Amino acid sequence: EEEVIPVIQAGDDNPIEEEVIPVIQAGDDNPIEENLQPILEGGSDNPDSVFPAGLLDLTDIDLNGDNQIDETVAVNFLDIASEAGYNNSIGYYAIANINGAVKDSLTGELINPEDEGYAKAALNQRVEDLELRRDTGNLTDELSTGVLLVPFLIANGTVEEWSETNSNNENGNDPIAYFSFLGANPDNQQHIRQVGNELQFEDLFGGGDNDLNDFVTEFNIQSVL
């Protein structure tokens, strides 16, 4: 009998039990069961949600039950799929609060999603060794804890290409970076959505066809044993 893991819904007082998604380690033929961190369901169509889409809350985690804060956790990205003509890149960056503010690497001041220079400051805070593309397959990455991480999308390119050609993140230049926070997007449209443990991305300026299936992946957090 499979263990049921609570999923935390924003605004609920009690966890709701949902079906556990098997954890698949990269390169394994069979799923294995691990101690999973509940995912905060944000950025979905739930108007009561206060969490940004794809939030990885890696603060105060004790998944192995030893009453000590874990120093690292494993984040699994599963069933990566893309129906886009673009070859997109997905990554994660650190935010200072759930409103999406990031620290300026030079001044230490907070830059909010709607502020000028947000995209550059956000990508300066990215997890450099974590990149998902349509040919990545299943991926498990070990991450340090103590941070809040959220996803970003580079439409039809990589972070390096974006830095070279469109670091001001303007429409008309490719590639463009999109975030979970509407104010950070040059078109002020939704490009990242979370439904349960699934992340969905739209890669066209202005929202395109709004199907948010240009890049799709499931994700979960587990302890590193």
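The values are calculated or read from the model by the stated rules, or taken from the named source; none is laboratory data. Because the structure is predicted, anything quoted here is derived from the model rather than measured. Quick reminder, even Gly has a Cβ in these numbers, built from the backbone with ideal geometry, and neighbours come from all protein chains shown. In case anyone asks, the SASA skips ligands and DNA or RNA and just uses the protein heavy atoms, side chains included. Shrake-Rupley method; radii C 1.70, N 1.55, O 1.52, S 1.80 Å.
Laid out as a table, the results:
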{"quantity": "Residues residue 128 and residue 107, FRET efficiency given R0 of 30 Å [Cβ-Cβ distance, rounded to 0.05]", "calculated": "0.90"}
{"quantity": "Sparse-neighbourhood loop sites, GluC sites (Glu not before Pro) in region 92-151 - DSSP loop, at most 11 other Cβ within 10 angstrom", "calculated": "109, 116, 128"}
{"quantity": "Tensor-based shape of region 74-225 (alpha-carbon gyration tensor, a/c under 1.5 rounded, otherwise prolate or oblate)", "calculated": "oblate"}
{"quantity": "Stretchable slack from residue 98 to residue 141, in nm (0.36 nm times residue separation minus alpha-carbon distance)", "calculated": "13.2 nm"}
{"quantity": "Apportionment of accessible area to carbon and sulfur, region 86-223, percent (1.4 Å)", "calculated": "39"}
{"quantity": "Taking region 85-225 and dividing mean pair separation by its residue count, relative contact order in percent (alpha carbons under 8 Å, at least six apart)", "calculated": "22"}
{"quantity": "Integer Hz, Karplus 6.51/-1.76/1.60 couplings in order for region 110-121, x for Gly and Pro", "calculated": "7, 10, 8, x, 7, 7, 4, x, 4, 4, 5, 5"}
{"quantity": "Per-residue SASA entry for residue 144, accessible area with 1.4 Å probe, Å² rounded to 10", "calculated": "80"}
{"quantity": "Net charge dipole size for region 72-225 [Lys, Arg +1 and Asp, Glu -1 on Cβ; Debye, nearest 20]", "calculated": "400"}
{"quantity": "Solvent-accessible area per residue for region 124-225 (1.4 angstrom probe, square angstrom)", "calculated": "42"}
{"quantity": "Segment residue 114-residue 66, length gained on full extension (0.36 nm per residue, minus Cα span)", "calculated": "13.2 nm"}
{"quantity": "For residue 176, distant residues with modelled amide H under 5 Å away", "calculated": "155"}
